[in-house]
Amino acid sequence: MKIFCTASDDTYITNKIIDERLRSTDANVGKAGTLDLFKLYDENQLNGTGSQDEISRLLVKFDLTKARDLMGSKLNINSSKFSAKIKLFDVRSGHATPSGFTVIAHPLSRSFFEGIGKDVSGFKDLSVANFLTASIVNGSPSTWFKSGANEEGSMNSNDIDIIGSGTIKSVDYFFYGTQHFKTGDEDLSIDVSRAVSGTLANKLPDLGFRIAFSGSDETDKKSRFVKRFA
């Protein structure tokens, strides 16, 4: 049996440099047509000096209602046959596509607003979610603990953006999944079985995933522009 749970919210956040004058850290692209994952190294210089990396990270939340409705009947999350994958589809846009990179998906520890921004050239639609702020709660901004939703830690921590690991019934788990893109035109298909089973069992918050370049692929001296998903 296969269950398809579609995304209910999705966007990407970025600190891209605009006109070598400012960063788009407060821009929202929640209604953009694609999810753009990129990293730029020394392509633009903010105020003309220094090494100025630019990155984006994807935020995606799935509606797990179909899975929850089958809990206790047809769906057994404790079965060795249970599996869950995030699926995003490659968008051929005519732009160059990076190759030989790895992507990592972490469950989010904070909720985010998709937003209504559409401007992906000048990034002039200012709203949340963005690189600094996850959502608005009771009229006040709820900021990421580390810009770019980049504070990782253990489950049940109160000061993290993404969940890396945790202990359930005295067993230690890693909750992230990875995928290597050899040619760069592959669809995304990341195994997140532990994260989804933990969410369905109410051990992890149901807040979605942050998808980003993994490890040195986000920090090395190389540009990766642009991998587009739908």
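The values are calculated or read from the model by the stated rules, or taken from the named source; none is laboratory data. None of the values given here were measured: they were computed from a predicted structure. No Cβ is skipped: glycine too gets one built from the backbone with ideal geometry, and neighbour counts run over all protein chains shown. Calculation scope for accessible area: heavy atoms of the full protein, side chains included, ligands and nucleic acids excluded. Shrake-Rupley method; radii C 1.70, N 1.55, O 1.52, S 1.80 Å.
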Sole residue being closer than 24 Å to Pro205 by Cα and out of contact with any Lys or Arg (no Cβ under 8 Å at 6 or more places or on another chain), chosen from Gly94, Gly72 = Gly72
Does any residue of the range 55-71 turn out to be free of Cβ contacts under 8 Å to residues at least 24 places away in the same chain, closer than 27 Å to Arg228 by Cβ and assigned to a loop (DSSP other than H, G, I, E, B)?
-> no
Restrict the check to the range 1-13 and report whether at least one residue is of a type in the set (A, V, I, L, M), under 24 Å from Leu204 (Cβ atoms), part of a loop (DSSP other than H, G, I, E, B) and in contact with a helix residue (DSSP H, G or I) (Cβ under 6 Å, 6 or more places away or on another chain).
-> yes
Are there any pairs, at least 6 apart or on different chains, whose C-beta atoms fall under 7 Å, with the first in the range 151-170 and within 11 Å of Leu108 (Cα to Cα) and the second outside any strand (DSSP E or B) and of a type in the set (S, T, N, Q), and if so, which?
-> Ile160/Ser109; Asp161/Ser109; Asp161/Asn150; Ile162/Ser109; Ile163/Ser109
Which members of the range 166-201 meet the condition of being of a type in the set (A, V, I, L, M, F, W, C) and either open to solvent by less than 10 Å² (accessible area, probe 1.4 Å) or modelled with pLDDT of 95 or more (or both)?
-> Phe174, Phe175, Phe181, Leu188, Ile190, Val192, Ala195, Val196, Leu200, Ala201
Hey, among the residues in the range 108-124 that are over 23 Å from Gly184 (Cα atoms) and aliphatic (A, V, I, L, M), which one's least open to solvent (accessible area, probe 1.4 Å)?
-> Leu108
Tell me, yes or no, whether the range 220-230 has at least one residue that is within 15 Å of the chain's Cα centre (by Cα), modelled with pLDDT under 95, open to solvent by 10 Å² or more (accessible area, probe 1.4 Å) and closer than 20 Å to Thr11 by Cβ.
-> yes
Picking from Ala149, Ala105, which residue would you name as being in a loop (DSSP other than H, G, I, E, B), open to solvent by less than 10 Å² (accessible area, probe 1.4 Å) and of a type in the set (Gly, Ala, Ser)?
-> Ala149
Residues Ala96, Ala105: which one is of a type in the set (Gly, Ala, Ser) and under 22 Å from Ile18 (Cα atoms)?
-> Ala96
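Listed here are the residues, each with its yes/no results for (1) farther than 26 Å from Asp69 by Cα; (2) charged (D, E, K, R); (3) out of contact with any Ser or Thr (no Cβ under 9 Å at 6 or more places or on another chain); (4) assigned to a helix (DSSP H, G or I).
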residue: Ile160; (1), (2), (3), (4): yes, no, no, no
residue: Ser165; (1), (2), (3), (4): yes, no, no, no
residue: Asp172; (1), (2), (3), (4): yes, yes, no, no
residue: Thr178; (1), (2), (3), (4): yes, no, no, no
residue: Thr183; (1), (2), (3), (4): yes, no, no, no
residue: Ile190; (1), (2), (3), (4): no, no, no, no
residue: Ala195; (1), (2), (3), (4): no, no, yes, yes
residue: Gly198; (1), (2), (3), (4): no, no, yes, yes
residue: Asn202; (1), (2), (3), (4): no, no, yes, no
Among all residue pairs at least 6 apart or on different chains, which show Cβ distances below 8 Å where the first residue, located in the range 72-98, is at pLDDT 95 or above and the second is open to solvent by less than 60 Å² (accessible area, probe 1.4 Å) and acidic (Asp, Glu)?
-> Asp90/Glu186
Matching residues in the range 1-22 - criterion: being surrounded by fewer than 11 Cβ atoms within 10 Å (Cβ to Cβ) and touching a Leu at 6+ places or on another chain (Cβ under 9 Å) | Met1, Arg21
